[in-house]
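What follows is a short report on a single structure.
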Amino acid sequence: MIGCAVWWARPLPNEPRYLALLDEAEHGRHQAYRQEIDRRRFLTGRVLAKTVLGERLGRPPESVAFDATCDDCGKPHGKPKLTGVEFSISHSGDRIGLAVTTSPVGLDVETENRRADESLISYALNETEQQALNGLPEEAKASEFFQYWTRKEALMKATGRGLKIPLQSITLDGPRLAACTDPALDPANTRLADLTPGDGYRAAVAVLTRDEVEVTEHTWQP
């Protein structure tokens with residue numbers, strides 16, 4: 001059994017005390033966002049991760065530096081990494097999440113108040129999964145769809161390959177990977193769990209391990 005801790009936070013203000021924790025590349029990414037709320041989400045994800053991981057490693061948050069080098073282009077916009085720990089950051093609306101464990105991990109959170117139109121459903125879900133949504137009222141269909149979506153996004157993030165793995169290549173059986181045509185995901189080596197980020201949100205975490213995973217959720221405030 002291994003543990004996976006998930007922290008939930010709300011967007012921090014763009015204040016100097018928090019901005020001071022960003023390195024040069026992170027400041028560049030922060031400023032590149034056009035919308036104020038997007039800057040706050042990015043800032044919160046970094047401050048949350050540096051604070052929690054710093055405590056885990058016995059280091060002050062200002063000493064925590066991530067390697068976010070993109071494997072494809074070499075620019076600093078890839079999945080952040082830190083030697084000695086596995087983690088994943090996700091945000092949507094006013095929820096920012098961090099998952100921390102000892103095996104490759106992916107976290108995804110989404111607002112469920114958007115409309116799930118047929119083109120989006122057919123893009124993300126295979127025929128078996130689409131049939132599970134047939135006949136549901138519109139609101140219930142959207143909620144169920146975004147639970148599927150977060151599970152698949154979490155799985156893809158855990159591999160580090162993201163959307164290079166087609167969504168329809170993944171077949172789910174509830175919160176369990178039933179099959180995947182991409183060799184990066186093996187049901188025997190994958191654990192998946194739904195999370196409770198609050199009303200109006202759906203979330204899931206995936207851990208690439210043969211061990212059973214105990215997931216705990218926490219609220220974080222600076």
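Here are a few things to note about the model shown:
- Yes/no for residue 177 being closer than 20 Å to residue 112 by Cβ and surrounded by 21 or more Cβ atoms within 10 Å (Cβ to Cβ): no
- Candidates are the residues of segment 163-222 that are assigned to a loop (DSSP other than H, G, I, E, B) and acidic (Asp, Glu); the one that is farthest from residue 142 (Cα to Cα) is 211.
- Note on segment 127-147: residues that are open to solvent by 20 Å² or more (accessible area, probe 1.4 Å), touching a residue at least 12 places away in the same chain (Cβ under 8 Å) and under 23 Å from residue 179 (Cβ atoms) amount to 3.
- Within segment 1-54, the set of residues being crowded, with 20+ Cβ neighbours inside 10 Å and acidic (Asp, Glu) comprises 26 only.
- Within segment 100-126, restricting attention to residues that are more than 30 Å from residue 212 (Cβ to Cβ) and of a type in the set (A, V, I, L, M), the residue that is surrounded by the fewest Cβ atoms within 10 Å (Cβ to Cβ) is 120.
- Residue check, residue 118 acidic (Asp, Glu) and at pLDDT 95 or above: no
- Residue ranges of helices (runs of 4 or more DSSP H) in segment 16-77 with at least 1 members of a type in the set (Ser, Thr, Tyr): 16-19, 36-57
The values are calculated or read from the model by the stated rules, or taken from the named source; none is laboratory data. Owing to the predicted nature of the structure, the values given are computational and were not obtained by experimental measurement. All Cβ positions, glycine included, derive from the backbone under ideal geometry; neighbour counts span all protein chains shown. For accessibility, only protein heavy atoms count, side chains too; no ligands or nucleic acids. Shrake-Rupley method; radii C 1.70, N 1.55, O 1.52, S 1.80 Å.
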